[in-house]
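Presented below is the structure to which this report refers.
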Amino acid sequence: STANAPEDDASNRYSRTERTTYSRYSRDANSSGSSLPSNTLEKRIEELERELAKERQEIARLMKMVQDKEELIGKLKEEIDLLNR
C-alpha cells in the first residue's frame, strides 16, 4: 500500500498544477480577450490541450516505469534474502 502513496501524491500535485495553469490562462484570456480574435484563442486552447494530453501520457509512462522498477527492486530484495540464507 505504501507504493501507491507516491502515485497518489503525484496525481494530486499534477492536478493542482493543472488548475493553476488553467486559472492563469483563463485570466490572461479574460484580460486580453478583447484584443485577440476568438479563433486565435480557440487555436491556443487546442494547442494547450494537445500539449496537456502529451504531458499526461508522459506522466503515465514515467509512473509505469517507476512501478516496474519498484517491483523489480522488491524481487531482487527477495532474491538477496534467499541467497543470504
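The values are calculated or read from the model by the stated rules, or taken from the named source; none is laboratory data. All figures in this text were calculated on a predicted structure; none of them were measured in a lab. Positions of Cβ are backbone-derived with ideal geometry, glycine not excepted, and every protein chain shown enters the neighbour counts. These area figures cover heavy atoms from the full protein model, side chains too; ligands, DNA and RNA do not enter into them. Shrake-Rupley method; radii C 1.70, N 1.55, O 1.52, S 1.80 Å.
What to note about this one:
- Straight Cα distances below 21 angstrom link LYS54 to the lysines LYS43, LYS64, with same-chain residues fewer than 8 positions distant left out.
- Altogether, the Stokes-Einstein calculation at 20 °C and 1.002 mPa s, with the Kirkwood radius of the stretch 37-84 over Cα pairs as Rh, returns a diffusion coefficient of 156 µm²/s.
- Solvent exposure of the stretch 37-84 amounts to 91 Å² per residue of accessible area, where only protein heavy atoms count and the probe is 1.4 Å.
- Pair MET63, ARG85: separation of 7 Å Cα→Cβ label points (nm): 3.5 nm
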